[in-house]
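**Student:** I'd like to ask some things about the structure below.
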Amino acid sequence: MDQETLSHIKELTEKVNQLLRERGSQEEPEDPHVTTRIPVTDLTAYPELIEALPSIEEDFFRSPLTDEERKNALYSCPKNSSMNYIPPPLNDSASSAVRKTDSALYGIQLALAQATRPIDFYVHRRIQDNPTLDTAEDPETMFASTMRALLSDIAATEKRGGRPVEKPCQIKSHADPTLCPVIAYKVYKERVARDLCPTPHANNSTWAVNRLIRFVNDCKKPLSVDSITRYIHSISVLIHQDQDTPIPKGRAIGATLAANSGVSTDEIVSHAFWSNYSIFDLYYRLTRNSSNNLTESILNLE
């Protein structure tokens, strides 16, 4: 083997080693206390973290607060005037067994709702102390919002007698047939989704669910969530908006337009089949503009 070939081999070997070193350095976490494991990461408790959060080493499920501690934590913070702290009532037709089970769930939901009071008051104080604060970019506000959404999500997992609560909603027809969602649904069911299209449930393969949205050219093939999202984005880009503004979610467009037109938030949440108002307000509301002129409503000279 001549010297030139050996030189090429040596050069290639060095490049491979360099790539391996770079890959190894990329896989190392920047935080020495965070251990990467597929598909999760572990946070190792260290002295400063334990000192800041002493309860981190306690048994999470067996460390309840005393009544006095709980009252001090909750009632030292005011209620949010726009928040409904009372869980939804049972249907009148519920059996006595279901009502007995619901009483325990009711207490949990009530406690979760009350637990949002310190979060709301903390964000309120942060805004008052920093009048120019950009809440959309503030990590502490975003963290508080996430924690509030998690509490809401847990409280919204309502079950009565082991079954999810059904919340019927009537979709009314539109006067113009070309804009009527009811007619569109009926025609789509007749022409495209006329046959069943069962697929395994994403969270339980033993369950089969019938997919409504299909390929037009192959009615037995369901459209994936990613495909539906791409179609929505291809239409949403036609909306006039500022450059570099992210494409809004499809569900957010209709809900925001409804809110701006004066439709009550209760009806919006009901028609969108969201579990509660917070889901709409935190994730799908694009703007808080209103069709009502509050100035003229308050200062009415007539």
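**Student:** Within region 123-170, take every residue that is in a helix (DSSP H, G or I) and among the polar types (S, T, N, Q) and give me the one that is modelled with the highest pLDDT.
**Tutor:** Checking each candidate, the answer is 128.
**Student:** Can you go through 218, 281 and tell me which one is outside the structural domain of residue 148 (by TED's automatic domain parsing) and loosely packed, with under 12 Cβ neighbours inside 10 Å?
**Tutor:** Result of the check over 218, 281: 218.
**Student:** Could I ask something else about it? If residue 220 meets every condition in (1) over 30 Å from residue 142 (Cβ atoms); (2) charged (D, E, K, R); (3) not in a loop (DSSP other than H, G, I, E, B) apart from one, which number is that one?
**Tutor:** The number of the failed condition is (3).
**Student:** I've got another one for you. Within region 42-85, how many residues turn out to be over 23 Å from residue 113 (Cα atoms) and either of a type in the set (S, T, N, Q) or touching a Cys at 6+ places or on another chain (Cβ under 9 Å) (or both)?
**Tutor:** 1
**Student:** Kindly indicate whether any position in region 194-209 is surrounded by 13 or more Cβ atoms within 10 Å (Cβ to Cβ), among the aliphatic types (A, V, I, L, M), within 29 Å of residue 174 (Cα to Cα) and not assigned by TED's automatic domain parsing to the domain that holds residue 250.
**Tutor:** Looking through region 194-209, none of the residues is surrounded by 13 or more Cβ atoms within 10 Å (Cβ to Cβ), among the aliphatic types (A, V, I, L, M), within 29 Å of residue 174 (Cα to Cα) and not assigned by TED's automatic domain parsing to the domain that holds residue 250.
**Student:** From the residues in region 183-206 that are more than 24 Å from the chain's Cα centre (by Cα) and in a loop (DSSP other than H, G, I, E, B), which one is farthest from residue 232 (Cα to Cα)?
**Tutor:** 206
**Student:** So residue 233 clears everything in (1) free of Cβ contacts under 8 Å to residues at least 24 places away in the same chain; (2) touching a Cys at 6+ places or on another chain (Cβ under 9 Å) except one condition, right? Which one?
**Tutor:** (2)
**Student:** Select from region 231-241 the residues that are assigned to a helix (DSSP H, G or I) and surrounded by 11 or more Cβ atoms within 10 Å (Cβ to Cβ) and list them in ascending order.
**Tutor:** Within region 231-241, 231, 232, 233, 235, 236 qualify.
**Student:** Sticking with this one: Among the residues of region 232-281, what is the count of those that are of a type in the set (A, V, I, L, M, F, W, C), within 15 Å of the chain's Cα centre (by Cα) and more than 24 Å from residue 173 (Cα to Cα)?
**Tutor:** The qualifying residues number 1.
**Student:** Another question about this same structure. Could you give me the residue pairs with C-beta distances under 7 Å whose first residue belongs to region 247-274 and is over 22 Å from residue 231 (Cβ atoms), whose second residue is of a type in the set (Gly, Ala, Ser) and assigned to a loop (DSSP other than H, G, I, E, B) wherever it lies, and which are 6+ apart or on separate chains?
**Tutor:** Close Cβ pairs (under 7 Å, with a partner that is of a type in the set (Gly, Ala, Ser) and assigned to a loop (DSSP other than H, G, I, E, B)) amount to 260/290; 260/291; 261/291; 262/291.
**Student:** From the list 21, 99, exactly one residue is over 29 Å from residue 278 (Cα atoms) and either part of a helix (DSSP H, G or I) or at pLDDT 80 or above (or both). Which is it?
**Tutor:** That would be 21, the only listed residue that is over 29 Å from residue 278 (Cα atoms) and either part of a helix (DSSP H, G or I) or at pLDDT 80 or above (or both).
**Student:** I would also like to ask the following. Looking at region 53-91 only, could you name the residues that are of a type in the set (A, V, I, L, M, F, W, C) and either in contact with an Asp or Glu (Cβ under 9 Å, 6 or more places away or on another chain) or in a helix (DSSP H, G or I) (or both)?
**Tutor:** Passing the criteria: 56, 60, 61, 73, 74, 77, 83, 90.
The values are calculated or read from the model by the stated rules, or taken from the named source; none is laboratory data. Small disclaimer: the values here were computed from a predicted structure and weren't measured. Note that each Cβ is placed from the backbone with ideal geometry, even for glycine, and that neighbours are counted across all protein chains shown.
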